[in-house]
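Report on the following structure.
The values are calculated or read from the model by the stated rules, or taken from the named source; none is laboratory data. Here the structure is a predicted model, which is why all the values come from computation and not from measurement. For neighbour counting, all protein chains shown are included, and Cβ atoms are generated from backbone atoms with ideal geometry for every residue, glycine included. Keep in mind that these areas ignore ligands, DNA and RNA; they rest on the heavy atoms of the full protein, side chains included. Shrake-Rupley method; radii C 1.70, N 1.55, O 1.52, S 1.80 Å.
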Amino acid sequence: MKRISIMLLAAASFAVPACSSDATTSGGDDDGSGSGSGSGSGSSTDQYMQILNSRTVDYSAALRIASLRLTGGLPTMDEINSIAKVTDPAAQKTAYEALIDNYMARPTFAATMLAFWQDQFKIGGTPDFDSAPSLAAELSFTDGSYMDLFTRTTNNCTTYNATANTFTDATCANGGPQSGVLSNPGVMASYTSNLAFRRVRWVQETFDCLRFPVEATGAPQDEGGASPYTGVWPFSSIASPTNGGGRVNFQDMTSAVCANCHETLNHRAPLFGNYDMAGKYQTAIAVTVPLDGAPLAKITDWLPPGDTTAWLYQKPAADIASFGTQMAADPAIAACAVARVWNYALGKTDIVDTLEEVPNDTIQAQIDAFTTGGFKLKTMIRTVFTSDDFIKF
């Protein structure tokens, strides 16, 4: 079935030979000895392409899945028959897409989107914790811009009334600068931690679909450890007790190369450090350092004097609003949004937690449409549920 073969093809495209000098590229002819002949049936990728190319359009099957994903229930017999009894392919396509539009106009679509974003954000269940996923659900229901999640300075804490199927916006009341869900009090409270690192991890994994380290693509540098430092930031750009007052040695390399993750973590975390355990903004840093007595952090615990906060290397962000603007301009953020909707449509698990990764090539058409169309969420969701890879089995 397509739901399996699409992801198998993705895996085949990114397969890496074993660390052996006699690795083979012969496809299915290897007898296990490492001496594959290279002749015969062709590569695994070719075989998967044959499977994918043999799929046929089945709007009735696609409708059942789409109805469950978009409304939370199965289609009615009348809806099934409105497609199954149509023989003309063009008319069948029109009927199917009309039902998708109908599903996405129903109150149940708003409710399923709230549940979807609660799952993606890993937060929800109370009004405070629901305000971030409710904003994302509202943007999904009203076809708002996905980038509002990072750039809204007002009306960024949203409530949803399931009985009336209404969204109500309000500006988050936790004080300080506001920038979409990046300053959301429920998020800040839920992901509170020493040095704000859990908050940064939430941002990274939720919206960039990658675990740390995320910028470990630099030339290997020998900094005295058993393994090299491979970050793109200068090794000296993160704090240690020897370069400006840091109380944690993020340059330590005795057991692991801490800097490979912390080069990026430390340039982001100070922006989230002023939110206390309740998610309220304070004028001074309100997170602690994991040392005796749990002292409050100082900027020098993350960065040496002269270094500044940023989204990524050479993408500076002096405040939370600039950070959100940098995120909104990053193509990887848009690609991650499409990938998460894609996985949801195809019934896959979390991209980061279970490494159900989707190569951009697989969803490039949806990414391009999302980007050129103003990052409209509802429109993007529709493109996924009407795409060839969703309707073919």
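Inside the stretch 174-200, can you point out the residues that are assigned to a helix (DSSP H, G or I), surrounded by fewer than 18 Cβ atoms within 10 Å (Cβ to Cβ) and of a type outside the set (S, T, N, Q)?
Hit for the stretch 174-200 is 198, nothing else.
Does the stretch 20-49 hold any residues that are more than 30 Å from residue 94 (Cβ to Cβ), at pLDDT 70 or above and open to solvent by 60 Å² or more (accessible area, probe 1.4 Å), and which are they? Don't jump to the end; show me each part of the working.
If we filter the stretch 20-49 for residues that are more than 30 Å from residue 94 (Cβ to Cβ), which is where we start, we get 20-48.
Restricting the remaining residues to those that are at pLDDT 70 or above gives 43-47.
If the condition is that a residue be more than 30 Å from residue 94 (Cβ to Cβ), at pLDDT 70 or above and open to solvent by 60 Å² or more (accessible area, probe 1.4 Å), then 46, 47 are the ones that fit.
Taking residue 238 as the residue in question, decide whether it is among the aliphatic types (A, V, I, L, M) and under 30 Å from residue 128 (Cβ atoms).
no
Which condition number in (1) among the aliphatic types (A, V, I, L, M); (2) touching a residue at least 12 places away in the same chain (Cβ under 8 Å); (3) open to solvent by 20 Å² or more (accessible area, probe 1.4 Å) is the one that residue 239 fails?
So the condition that residue 239 fails would be (3).
Can you name the condition, by its number, that residue 355 falls short on among (1) open to solvent by 70 Å² or more (accessible area, probe 1.4 Å); (2) assigned to a loop (DSSP other than H, G, I, E, B); (3) at negative phi?
Single failed check for residue 355: (3).
Go through the stretch 148-177 and give me each residue that's over 17 Å from residue 133 (Cβ atoms) and free of Cβ contacts under 8 Å to residues at least 40 places away in the same chain.
154, 163, 164, 171, 173 - these are the residues of the stretch 148-177 that are over 17 Å from residue 133 (Cβ atoms) and free of Cβ contacts under 8 Å to residues at least 40 places away in the same chain.
For (1) within 16 Å of the chain's Cα centre (by Cα); (2) over 15 Å from residue 270 (Cβ atoms), each residue gets a yes or a no:
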| site | (1), (2) |
| --- | --- |
| 308 | no, no |
| 313 | no, yes |
| 321 | no, no |
| 329 | yes, yes |
| 332 | yes, yes |
| 342 | yes, yes |
| 356 | yes, yes |
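List pairs: first residue in the stretch 107-126 and over 16 Å from residue 69 (Cβ atoms) and at pLDDT 95 or above, second residue of a type outside the set (Asp, Glu) and open to solvent by 20 Å² or more (accessible area, probe 1.4 Å) anywhere in the structure, Cβ distance under 7 angstrom, at least six positions apart or on different chains.
Pairs found: 123/129; 123/190; 124/118.
For residue 344, only one of the following conditions fails: (1) within 15 Å of residue 147 (Cβ to Cβ); (2) in contact (Cβ under 8 Å) with a residue 12 or more places away in the chain; (3) open to solvent by 30 Å² or more (accessible area, probe 1.4 Å). What is its number?
(1)
What number of residues within the stretch 87-139 are open to solvent by 50 Å² or more (accessible area, probe 1.4 Å) and closer than 17 Å to residue 336 by Cβ?
2
Hey, could you check the stretch 316-325 for residues that are without any contact (Cβ under 8 Å) to a residue 12 or more places away in the chain and not in a loop (DSSP other than H, G, I, E, B) and say which is nearest to residue 259 (Cα to Cα)?
Only one residue fits best here, namely 316.
Given (1) at pLDDT below 95; (2) under 26 Å from residue 380 (Cα atoms); (3) open to solvent by 70 Å² or more (accessible area, probe 1.4 Å), where does residue 64 come up short, assuming only one miss?
(1)
Looking at the stretch 201-224, which of its residues are open to solvent by 40 Å² or more (accessible area, probe 1.4 Å), charged (D, E, K, R) and under 23 Å from the mean Cα position of the chain (by Cα)?
Hits for the stretch 201-224 are 201, 211.
Yes/no per residue for (1) open to solvent by less than 30 Å² (accessible area, probe 1.4 Å); (2) part of a helix (DSSP H, G or I); (3) not acidic (Asp, Glu):
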position	(1), (2), (3)
260	yes, yes, yes
263	yes, yes, no
267	yes, yes, yes
270	yes, yes, yes
279	yes, no, yes
286	yes, no, yes
291	no, no, yes
301	yes, yes, no
305	no, no, yes
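How many of the residues in the stretch 149-168 are within 20 Å of residue 324 (Cα to Cα), open to solvent by less than 40 Å² (accessible area, probe 1.4 Å) and not β-branched (Val, Ile, Thr)?
Result for the stretch 149-168: 4.
Please work out which residue is modelled with the highest pLDDT, limiting yourself to the stretch 225-234 and to residues that are surrounded by fewer than 19 Cβ atoms within 10 Å (Cβ to Cβ) and either of a type in the set (A, V, I, L, M, F, W, C) or in contact with a Phe, Trp or Tyr (Cβ under 9 Å, 6 or more places away or on another chain) (or both).
Going through the qualifying residues, I end up with 232.
Within the stretch 329-340, identify whether any single residue is over 16 Å from residue 204 (Cβ atoms) and crowded, with 18+ Cβ neighbours inside 10 Å, and answer yes or no.
Yes, the stretch 329-340 contains at least one residue that is over 16 Å from residue 204 (Cβ atoms) and crowded, with 18+ Cβ neighbours inside 10 Å.
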